[in-house]
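**Q** Here it is, the structure, as structure tokens.
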Amino acid sequence: MKLVAVSDTHGDHKILETILTQQPDADAYLYAGDSEFAAADPIFTHYQAVRGNMDFDSAFPLTRTLTVGDVTVFLAHGHRLMVGFSLSMLLEAAQKAGAQVAIFGHTHALGVEMHQGILTLNPGSISQPRGEFAPLGGTYAVIESTAARFRVTYYLRNGRPAPGLARTFTR
């Protein structure tokens, strides 16, 4: 099973189209908010999206829980879950949803960790990155799952893997 996670494009429509061509074999495309587009934008026929703090269309849900293959994913932008301070509210919501993966955005800084049996992942901002990895120029993440593990690889805007930013976690 393969998931593509993207967040915080802030009006950069072209990169969402580009990622679809870079990762044509994904089982699901997940968008963690702050597109600044309407929920009815045709790009969201491909991406499962949630509303971020810069998305003003209330037709976006604040969170989504979906099952892809044998993995349940909790998707949120994270601003209402205070992810800039702690992941505790995100983890609580993911646990309540029965999720094995929690994907969020908002901070524009990539990160992936395993907490309490839940893979927490921020794909970083593809268009306005912040933090230690901002010089990479933006990232998105691919999660590949087997019965035994999660493999997370961060990708650059050009579709190449980000050097040194792949991690494997036991499920």
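**Q** Along the Cα→Cβ direction, 7 angstrom out, place labels at residue 53 and residue 21. What is the inter-label distance in nm?
**A** The two pseudo-label positions are separated by 3.4 nm.
**Q** Points 7 angstrom from Cα along the Cβ direction at residue 144 and residue 67: gap in nanometres?
**A** Output for this residue pair reads 2.5 nm.
**Q** Hey, fewest Cβ within 10 Å first, where do 43, 19, 103 land in order? Walk me through the numbers before you get to the answer.
**A** Working: 43 16, 19 24, 103 31.
Fewest-to-most ranking of 43, 19, 103: 43, 19, 103.
**Q** Based on the alpha-carbon gyration tensor of the range 1-111 and its eigenvalue square roots a ≥ b ≥ c, which shape applies: rounded if a/c is under 1.5, prolate if not and a/b is larger than b/c, or oblate? Mind showing how you got there, number by number?
**A** Numbers: a/c = 1.66, a/b = 1.17, b/c = 1.42.
Because a/c hits 1.5 or more and a/b fails to exceed b/c, the range 1-111 counts as oblate.
**Q** Extending each Cα 7 Å along its Cβ direction at residue 132 and residue 153, get the distance between those two points in nm, one decimal.
**A** 2.2
**Q** Still on this structure, I have one more. If a paramagnetic tag sat 7 Å from the Cα of residue 14 along the Cα-Cβ line, which residues of the range 88-131 would have the backbone N under 19 Å from that point?
**A** 125-129
**Q** How many angstrom lie between the Cα centre of the range 53-109 and the Cα centre of the range 1-31?
**A** If we compute the Cα centre of each part, the gap is 17 Å.
**Q** Now for a different question. Show me, for the range 41-49, the HN-Hα J-couplings you get by feeding each phi into the Karplus relation (A = 6.51, B = -1.76, C = 1.60, θ = phi - 60°), rounded to Hz, glycine and proline as x.
**A** Once rounded to whole Hz, the list reads 4, x, 4, 7, 7, 9, 9, 7, 10.
**Q** Next question, about the same structure. Would you mind telling me the antiparallel percentage of the DSSP bridges in the range 2-170, rounded to 5?
**A** Counting only bridges with both partners in the range 2-170, antiparallel ones make up about 70 percent.
**Q** Also, quick follow-up: What does the charge count near residue 87 come to, summing +1 for each Lys or Arg and -1 for each Asp or Glu among other residues with Cβ under 14 Å from its Cβ?
**A** -1
Throughout, read-outs are computed from the coordinates displayed, never taken from laboratory work. The structure presented is a predicted model; accordingly, all values stated were derived computationally and were not measured. Please note: Cβ atoms are built from the backbone with ideal geometry, for glycine as well, and neighbour counts cover all protein chains shown.
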